[in-house]
Amino acid sequence: MSRDSRFDILFEPVKIGPLVAKNRFFQVPHCNGMGYARPRAHAAMRGMKAEGGWAVVSTEEVEIHPSTDVSPYIEGRIWDDRDVPALALMTDAIHRHGALAAIELVHAGMSASNHYSREVPFAPSPIVNPASYAPLQARGMSKTDIRNYRRWHRDAALRARVAGFNIIYVYAGHSLSLAMHFLQTRHNHRSDEYGGSLINRARLLRELIEDTKDAVGADCAVAVRFAVDELRGADGISAESEGREVVAMLAELPDLWDVNVSDWSNDSKSSRFAAEGYQEEFVRFVKTVTTKPVVGVGRFTSPDTMVSQIRRGVLDFIGAARPSIADPFLPKKIENGEVDDIRECIGCNVCVTGDHTMTPIRCTQNPTMGEEWRKGWHPETVPPRSGDDSFLIIGAGPSGLECARVLGRRGYTVHLAEAGEELGGRVTRESGLPGLAAWARVRDYRLNQLKKMQNVEILRGSRVSAAEILEFGATRVVLATGSRWRRDGIGRANSVPIPGFDTAHRVLTPDDLMDGPSSSGPVIVFDDDHYYIGAVLAEKLRLVGLDVTLVTPSDRVSAWTANTLEQHAIQKRLLELGVAIHTSRNIVEFNGSAVTLECTYTGRHNTLPAASIVTVTSRLPNDELALAVETLSGEFAAAGIVSITSIGDCLAPSTIAAAVYAGHRYAREFDRPPSDEAAFHRELTDIRTS
């Protein structure tokens with residue numbers, strides 16, 4: 001296939017200072033949970049982006065000094081020369097495919113915990129970090145501190161050049177760097193030449209740009225990443241005032257402007273709260289005040305949207321973090337006329353959870369993300385079939401669809417049986433809930449790929465029994481039958497059923513609501529799951545006019561979504577809709593017309609009226625078929641069956657990302673010999689070095 005000529009503009013080279021980027025695709029800095037601790041995995045992940053056609057591939061934020069230790073988070077480090085070889089692994093992997101390597105240098109100032117280095121944090125003025133609960137406070141910087149900081153930044157830029165980086169970032173974004181803290185009046189209370197007026201508050205940023213240009217500008221480009229709007233109104237920088245003034249003031253100093261909004265939760269809004277291209281309204285002014293190239297983000301997945309932003313003069317580069325995670329080969333697919341094969345980002349922010357849990361990055365759409373080095377997985381290639389096995393996969397949810405896709409790609413004959421007429425399982429059901437429509441892309445991408453495979457047959461309306469498995473004739477059987485929500489209230493807070501929850505017509509599960517029946521009000525949503533589904537269902541019920549109260553044993557709504565940057569937005573949405581919220585409360589009884597709540601701290605009771613309850617606690621695997629098959633295990637060999645394996649939610653209910661990964665892993669690894677060793681490469685410390 002050939003590229004659609006409408007997209008030619010995306011593949012024009014663009015000059016960045018002394019360099020030329022081969023096209024307009026720019027993987028902006030993003031965290032990944034690998035950083036300095038897992039350099040081989042990190043290098044392979046970035047290298048995969050370069051192979052996929054991104055002209056520029058960036059690191060995450062890279063600490064320049066022990067006084068900016070952000071432990072326990074695992075970011076990059078360039079504290080001294082000993083960090084250079086690990087970073088060079090990354091630049092080598094990027095350069096191997098003709099891409100430019102960019103590094104985002106950072107001193108986090110008051111945002112640095114320094115739990116590992118035990119250095120005292122510092123800031124423009126003596127201040128506590130408002131985003132942290134840690135019992136520590138930053139000291140105000142002296143002039144000597146400022147001179148030292150500039151020297152550390154310059155030294156880090158020189159080391160970055162030695163490591164092979166082509167673009168050196170000066171970072172002033174997300175309220176996570178000293179350069180940004182000096183700009184913010186709420187953090188900068190100085191009265192010297194670094195405080196007061198905007199010119200003074202921008203002085204340090206100007207000096208960092210000039211220092212970096214002087215150190216490496218002859219052969220490296222210098223970029224500035226700047227949050228032009230903090231979405232805080234008068235309390236912060238805004239695109240209509242100081243954000244615009246900063247860019248205009250420093251317009252021609254850097255070689256490139258990377259612009260976005262702050263903080264991170266605003267910059268990486270989930271699809272539930274922001275559409276593709278949502279940052280345009282904040283950054284479109286930038287190109288009117290500078291001649292330098294501009295990169296911006298907006299969870300871009302549509303090449304038409306990308307072209308529109310370029311042609312209308314909003315951006316010069318299409319910046320992406322999450323879309324480059326969901327599909328590292330997005331640029332090449334557009335270039336090769338394979339737009340329908342793009343794994344579009346669904347905006348679920350599972351990728352972000354890797355940073356917050358200090359573990360390698362994961363992706364719902366792309367199960368190979370983070371496994372490029374650990375398991376040698378490539379997002380676009382799979383090993384050819386190793387034998388003559390044929391497969392019966394039962395269940396066409398996320399696990400079953402991904403398993404069928406990969407086995408089909410490997411060249412095996414696959415039969416995918418689904419009991420109902422609708423494919424996609426929980427993905428189809430959940431994508432019909434408020435704000436989750438983009439999640440249907442998990443199903444749609446896989447169905448599109450399966451339609452192209454002559455060796456994969458999809459059997460709708462085919463409920464398969466244990467006896468029929470024996471008769472089917474496949475040599476390997478995969479059970480991907482999913483799970484169902486419990487009705488009895490058993491979950492994290494309750495290990496036994498809640499009295500009264502056996503009133504079936506008054507106690508509903510998420511499955512009941514997704515199947516269609518509505519609840520009656522007043523309705524209590526009991527969320528002991530702490531992820532997204534409880535709040536989404538509360539929103540759904542409120543939108544049809546019901547009186548809704550959300551009760552949770554946690555101290556906040558959807559507590560785990562702090563890891564996906566959504567918690568604040570979710571709780572705000574419910575409050576704005578008029579959903580009553582009772583946190584730190586467990587339900588101890590339901591009498592059919594009221595619930596008895598118990599404070600998780602004091603044990604005190606109170607009651608709330610309730611005509612019905614939606615219980616969102618935990619799930620049970622749909623393992624009835626697996627249990628029935630066990631009784632026939634002695635007949636496997638006679639039927640020619642080598643193995644029957646449960647995967648995904650029917651084995652252990654988890655996230656959609658985990659379900660997709662389970663299907664992918666089985667399809668790649670079913671023919672590997674069993675081993676007690678770890679099923680992936682580990683990065684071990686060489687104790688011969690100091």
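The values are calculated or read from the model by the stated rules, or taken from the named source; none is laboratory data. Small disclaimer: the values here were computed from a predicted structure and weren't measured. Backbone-built Cβ (ideal geometry, glycine too); neighbour counts: all protein chains shown.
Please report, ordered by residue number, the strands (runs of 3 or more DSSP E) entirely within region 468-528 with at least 3 residues that are among the hydrophobic types (A, V, I, L, M, F, W, C).
On the way: elements: 476-479, 483-485, 523-527.
The strands (runs of 3 or more DSSP E) meeting that bar are 476-479, 523-527.
Tell me the residue from Ile16, Ile78, Ile103, Ile9 that is modelled with pLDDT of 95 or more, over 19 Å from Tyr169 (Cα atoms) and in the same structural domain as Phe226 (by TED's automatic domain parsing), please. Walk me through how you get there before you give the answer.
Numbers: Ile16 fails: over 19 Å from Tyr169 (Cα atoms); Ile78 fails: over 19 Å from Tyr169 (Cα atoms); Ile103 fails: over 19 Å from Tyr169 (Cα atoms).
Residue meeting the stated conditions: Ile9.
Given the criterion in contact with a strand residue (DSSP E or B) (Cβ under 8 Å, 6 or more places away or on another chain), under 21 Å from Ala667 (Cβ atoms) and touching a residue at least 24 places away in the same chain (Cβ under 8 Å), identify the matching residue among Val456, Val406, Val442, Val382. Spell out how you get there, then give the answer.
Working: Val406 fails: in contact with a strand residue (DSSP E or B) (Cβ under 8 Å, 6 or more places away or on another chain); Val442 fails: in contact with a strand residue (DSSP E or B) (Cβ under 8 Å, 6 or more places away or on another chain); Val382 fails: in contact with a strand residue (DSSP E or B) (Cβ under 8 Å, 6 or more places away or on another chain).
Only one candidate qualifies: Val456.
Taking the criterion of being in a loop (DSSP other than H, G, I, E, B), of a type outside the set (Gly, Ala, Ser) and surrounded by 15 or more Cβ atoms within 10 Å (Cβ to Cβ), would at least one residue in region 589-599 satisfy it?
Keep residues of region 589-599 that are in a loop (DSSP other than H, G, I, E, B), which gives 591-593.
Subset that is of a type outside the set (Gly, Ala, Ser): 591.
Subsequent filtering for residues that are surrounded by 15 or more Cβ atoms within 10 Å (Cβ to Cβ) retains none.
Within region 589-599 (the criterion being in a loop (DSSP other than H, G, I, E, B), of a type outside the set (Gly, Ala, Ser) and surrounded by 15 or more Cβ atoms within 10 Å (Cβ to Cβ)), the answer is no, since none of the residues qualifies.
How many residues are surrounded by fewer than 20 Cβ atoms within 10 Å (Cβ to Cβ) and touching a residue at least 12 places away in the same chain (Cβ under 8 Å) if we restrict to region 114-124? It would help to see each step written out before you state the result.
Within region 114-124, the subset surrounded by fewer than 20 Cβ atoms within 10 Å (Cβ to Cβ) is 115-120.
Still in the list and also touching a residue at least 12 places away in the same chain (Cβ under 8 Å): 115-117, 119-120.
Selection size over region 114-124: 5.
Within the group Leu407, Leu416, Leu433, which residue is part of a loop (DSSP other than H, G, I, E, B) and in the same structural domain as Val464 (by TED's automatic domain parsing)? First the steps, then the outcome.
On the way: Leu407 fails: part of a loop (DSSP other than H, G, I, E, B); Leu416 fails: part of a loop (DSSP other than H, G, I, E, B).
Selected residue: Leu433, the only one of Leu407, Leu416, Leu433 that is part of a loop (DSSP other than H, G, I, E, B) and in the same structural domain as Val464 (by TED's automatic domain parsing).
For region 620-650, what are the residues that are in a strand (DSSP E or B) and either surrounded by fewer than 21 Cβ atoms within 10 Å (Cβ to Cβ) or assigned by TED's automatic domain parsing to the domain that holds Ala493 (or both)?
Taking region 620-650 as the starting set, the residues that turn out to be in a strand (DSSP E or B) are 620-621, 643-646.
Leu620, Pro621, Ser643, Thr645 - these are the residues of region 620-650 that are in a strand (DSSP E or B) and either surrounded by fewer than 21 Cβ atoms within 10 Å (Cβ to Cβ) or assigned by TED's automatic domain parsing to the domain that holds Ala493 (or both).
Give the residue that is surrounded by the most Cβ atoms within 10 Å (Cβ to Cβ), with candidates limited to residues of region 534-563 that are among the polar types (S, T, N, Q) and not in a loop (DSSP other than H, G, I, E, B).
Residues of region 534-563 among the polar types (S, T, N, Q): 549, 552, 554, 558, 561, 563.
Going one step further and asking which of them are not in a loop (DSSP other than H, G, I, E, B), we end up with 549, 561, 563.
On the way: Thr549: 20, Thr561: 23, Asn563: 17.
Among them, the one singled out is Thr561.
Checking the structure you have, find out if any residue of region 172-182 is within 25 Å of His30 (Cβ to Cβ), of a type in the set (A, V, I, L, M) and not in a helix (DSSP H, G or I). Please lay out each step first, then the result.
To start, the set of residues in region 172-182 that are within 25 Å of His30 (Cβ to Cβ) comprises 172-182.
Imposing the further condition that a residue be of a type in the set (A, V, I, L, M) reduces the set to 172, 176, 178-180.
Applying the additional criterion that residues be not in a helix (DSSP H, G or I) yields 172, 176.
For region 172-182, residues within 25 Å of His30 (Cβ to Cβ), of a type in the set (A, V, I, L, M) and not in a helix (DSSP H, G or I): present.
Would you kindly identify the helices (runs of 4 or more DSSP H) lying entirely within region 285-401 that contain at least 2 residues that are of a type in the set (Lys, Arg)?
Here the list reads 330-335.
Pairs under 6 Å by beta carbon, first residue among the hydrophobic types (A, V, I, L, M, F, W, C) in region 623-642, partner part of a loop (DSSP other than H, G, I, E, B), six or more apart or different chains?
Correct list of pairs: Leu625/Thr481; Val642/Thr475.
Within region 191-241, how many residues are under 20 Å from Thr144 (Cβ atoms) and either crowded, with 16+ Cβ neighbours inside 10 Å or not assigned by TED's automatic domain parsing to the domain that holds Gln279 (or both)?
Residues meeting the conditions: 12.
Can you name the residue in region 459-506 that is hydroxyl-bearing (Ser, Thr, Tyr) and touching a residue at least 12 places away in the same chain (Cβ under 8 Å) and, of all such residues, is surrounded by the fewest Cβ atoms within 10 Å (Cβ to Cβ)?
Kept after step one, since they are hydroxyl-bearing (Ser, Thr, Tyr), are these residues of region 459-506: 462, 465, 475, 481, 483, 495, 503.
After this cut, where a residue has to be touching a residue at least 12 places away in the same chain (Cβ under 8 Å) as well, the list is 462, 465, 475, 481, 483, 503.
Details: Ser462: 16, Ser465: 11, Thr475: 17, Thr481: 27, Ser483: 23, Thr503: 13.
Per the stated criteria, the residue is Ser465.
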